[in-house]
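Here the structure comes first, spelled out in structure tokens, and everything after it is commentary.
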Amino acid sequence: MDIGSIGVVGAGRMGSGIAHVCALAGYDVILNDISQENLDRARALIEQSMDRQIARDLLTPRQKTKALARITTTAALADTGQTDLVIEAATERETVKNAIFEALLPHLKADTILTTNTSSISITRLASRTDRPERFMGFHFMNPAPVMQLVELIRGIATDNRTYETCLGVVARLGKTAASAEDFPAFIVNRILMPMINEAAYTLYEGVGSVQSIDMAMRLGANHPMGPLELADFIGLDTCLAIMNVLHDGLADTKYRPCPLLVKYVEAGWLGRKTGRGFYDYSGASPVPTR
């Protein structure tokens with residue numbers, strides 16, 4: 001199936017990044033969100049991101065102008081229904097995703113492919129709530145989408161070969177690399193990454209090291225570009241906790257039990273960079289550890 005237009009549902013950091021890369025690849029993009037403020041912020045974020053690419057000679061001003069012209073924003077979910085491919089990039093809550101797909105179904109073309117950017121939720125279960133489980137799959141971008149080269153493609157139990165091959169072709173056109181994952185909790189990247197972040201939280205919780213020493217140890221001792229607690233703040237502690245809960249519930253193994261300190265931070269509303277406070281306090285000129 002030839003894909004010419006892509007609908008992106010959710011104009012947060014992930015949705016705006018997905019719209020960015022799709023527009024640069026030549027797709028007509030309809031970016032949807034329930035908030036006009038979010039849509040305006042997303043367009044500004046996309047422009048800023050493209051300006052950084054221009055400054056690094058990764059993009060020309062002409063390419064930026066053409067890409068921005070391909071992006072249409074709308075607060076009406078139905079407007080995305082006539083696209084060839086829909087990528088849902090809303091918050092990581094299954095009830096929210098199910099509600100989006102339910103509202104979208106009456107407006108879809110017969111052959112529209114539905115995908116979700118979920119980082120952990122069962123593709124098979126999400127697909128079963130739609131009228132096209134054979135044309136439904138996981139399309140998981142890494143954050144930030146314009147920078148990270150990997151896309152996880154996850155087939156549900158009913159996903160057909162045509163849908164998979166079509167999405168594989170889209171990933172190639174985006175200039176990214178696909179990793180195929182089976183439909184098990186958290187797939188590949190987060191199945192490995194989130195327990196590491198959770199263990200870093202336990203290391204802090206148990207007093208083995210401070211925020212600063214844990215992150216420094218992993219940057220300098222394991223050559224990670226970012227410490228695990230700094231990375232958790234970047235991802236969002238609520239997202240980290242949600243994925244750990246999916247792993248714990250889905251695999252029934254105590255090694256995936258979310259760290260109580262991570263739970264406490266989320267309960268406090270300390271979600272990381274997006275709220276100005278998490279394992280670090282971002283209110284000053286530079287981040288300061290909160291423990």
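The values are calculated or read from the model by the stated rules, or taken from the named source; none is laboratory data. Everything quoted here is computed from the prediction, not taken from an experiment. Every residue, glycine as well, gets a Cβ built from its backbone with ideal geometry; the counts of neighbours run over all protein chains shown.
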**Report entry** Residues being part of a helix (DSSP H, G or I) and within 18 Å of Tyr265 (Cβ to Cβ) - total across segment 194-237
**Finding:** 25
Report task. Go through the residues of segment 5-16 one by one and say whether even a single one is at pLDDT 95 or above, assigned to a loop (DSSP other than H, G, I, E, B), within 28 Å of Leu105 (Cβ to Cβ) and hydrophobic (A, V, I, L, M, F, W, C). Result -> yes
Requested in this report: Take Thr124 and decide whether it is modelled with pLDDT of 95 or more and either buried (at least 23 other Cβ atoms within 10 Å of the Cβ) or not assigned by TED's automatic domain parsing to the domain that holds Ala89 (or both).
Outcome: no
Query raised in the report: Can Glu152 be described as outside any loop (DSSP other than H, G, I, E, B), out of contact with any strand residue (DSSP E or B) (no Cβ under 9 Å at 6 or more places or on another chain), more than 19 Å from Gly4 (Cβ to Cβ) and among the charged types (D, E, K, R)?
Result: no
Query raised in the report: Looking at segment 173-185, is at least one residue in contact with a Ser or Thr (Cβ under 8 Å, 6 or more places away or on another chain) and buried (at least 22 other Cβ atoms within 10 Å of the Cβ)?
Result: no
Report summary line: Subset of segment 151-205, residues more than 16 Å from Thr115 (Cβ to Cβ) and of a type in the set (Gly, Ala, Ser), comes to Gly175, Ala186, Ala200, Ala201
Report task. Among the residues of segment 25-44, write down those that are surrounded by fewer than 24 Cβ atoms within 10 Å (Cβ to Cβ) and assigned to a helix (DSSP H, G or I). Result -> Gln36, Glu37, Asn38, Leu39, Asp40, Arg41, Arg43, Ala44
Report summary line: Here the residues within segment 45-90 that are in a loop (DSSP other than H, G, I, E, B), surrounded by fewer than 16 Cβ atoms within 10 Å (Cβ to Cβ) and in contact (Cβ under 8 Å) with a residue 24 or more places away in the chain are Ala75, Ala76, Gln82
Query raised in the report: Which one is farthest from Thr203 (Cα to Cα) among residues in segment 214-253 that are among the charged types (D, E, K, R) and loosely packed, with under 15 Cβ neighbours inside 10 Å?
Result: Asp249
Query raised in the report: Within segment 263-291, can you find the residues that are among the aliphatic types (A, V, I, L, M) and either modelled with pLDDT of 95 or more or touching a helix residue (DSSP H, G or I) at 6+ places or on another chain (Cβ under 9 Å) (or both)?
Result: Val263, Val266, Ala268, Leu271, Val288
